[in-house]
Amino acid sequence: MSTVTVSPTRMELTRLKNKLRTARRGHHSLKDKRDELMKQFLEIVQDARSLRASVEDDLQKVHESFAVASALMSSEALKQALMYPKQSVELNMKTKNIMSVRVPDYEFETTSKSDTDIFPYGFAATSGELDTAVDGLGRVFADMLRLAQIEKSAQLMAEEINKTRRRVNALEYVMIPDTEVAIKYISMKLDENERANTIRLMKVKDMVLEDKRRESAERK
């Protein structure tokens, strides 16, 4: 039985019926939103897993190349070669809307005209493995940025899914059942009052008829 205290009046009954209709429409809309969010979320998670595996594989290759370069070159020569980066990156962040969730949209621009113009040293005094490592790191950068965007989007969508699920559950298991119980209670009370009024009117009618019969008998 609901613990909600209501006044058993027709005005309150009308208000609760309107509230129930609104709650049911909201429940239906939120369920649709939750289901679509879940669909979008699963697609993003699948993309994130695939991209992360690719990024980790590329970074592993970069690490191996750096390890070989470190073995072939002195630490001082390696440090000198990488001391002054030739290319810098400007990162911009916008947002886009996915099912009312504002997710990041990263964009970056490099200072050089060519993405391959990233070597801050001459090739004569360096190892070819260092070239491979720097080139691989430059190529994987865009994927790393996209991975950060996708994983952040997945996190934000997961939070929105949890909030939407809580709202759906609150409507489905609390608000709608409580409102239905309150409507049933008021309807029952109004029916009881109507039956009581009908019985009262019948008794009054019987009393009036009895008085008329008595008056008619006295006149005779």
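The values are calculated or read from the model by the stated rules, or taken from the named source; none is laboratory data. Because the structure is a prediction, the values reported are computed rather than measured. With ideal geometry, Cβ positions are generated from the backbone for all residues, glycine too; neighbour counts draw on all protein chains shown.
What to note about this one:
- When ILE118 is tested against (1) farther than 30 Å from HIS28 by Cα; (2) part of a helix (DSSP H, G or I); (3) among the β-branched types (Val, Ile, Thr), only condition (2) is not met.
- Residue selected from the stretch 86-133 under the condition β-branched (Val, Ile, Thr) and more than 39 Å from the chain's Cα centre (by Cα), by the criterion modelled with the highest pLDDT: THR132
- Cross-chain or 6+ apart pairs with Cβ under 9 Å, the stretch 11-34 first and closer than 11 Å to LEU171 by Cβ, then acidic (Asp, Glu) and assigned to a helix (DSSP H, G or I): LEU20/GLU180; HIS27/GLU172; LYS31/GLU172
Rundown of residues vs (1) more than 19 Å from GLU159 (Cβ to Cβ); (2) surrounded by 15 or more Cβ atoms within 10 Å (Cβ to Cβ); (3) among the β-branched types (Val, Ile, Thr), yes/no style:
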{"residue": "MET11", "(1), (2), (3)": "yes, no, no"}
{"residue": "LEU16", "(1), (2), (3)": "yes, yes, no"}
{"residue": "LYS31", "(1), (2), (3)": "no, yes, no"}
{"residue": "GLU43", "(1), (2), (3)": "no, no, no"}
{"residue": "SER50", "(1), (2), (3)": "yes, no, no"}
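- Criterion violated by GLU64 - all others in (1) over 27 Å from ALA182 (Cβ atoms); (2) modelled with pLDDT of 95 or more satisfied: (2)
- Filtered residues of the stretch 87-99 (kept if surrounded by 14 or more Cβ atoms within 10 Å (Cβ to Cβ) and not in a strand (DSSP E or B)): GLN87, MET99
- Matching residues, the stretch 8-27, being touching a Leu at 6+ places or on another chain (Cβ under 9 Å) and either part of a helix (DSSP H, G or I) or closer than 15 Å to PRO177 by Cβ (or both): ARG10, LEU13, ALA23, ARG24, GLY26, HIS27
- Tally, over the stretch 159-187, of residues that are closer than 19 Å to ILE98 by Cα, free of Cβ contacts under 8 Å to residues at least 12 places away in the same chain and among the basic types (Lys, Arg): 1
- Residue match in the stretch 41-48 (condition: farther than 15 Å from ASP143 by Cα, outside any helix (DSSP H, G or I) and either among the polar types (S, T, N, Q) or touching a residue at least 24 places away in the same chain (Cβ under 8 Å) (or both)): no
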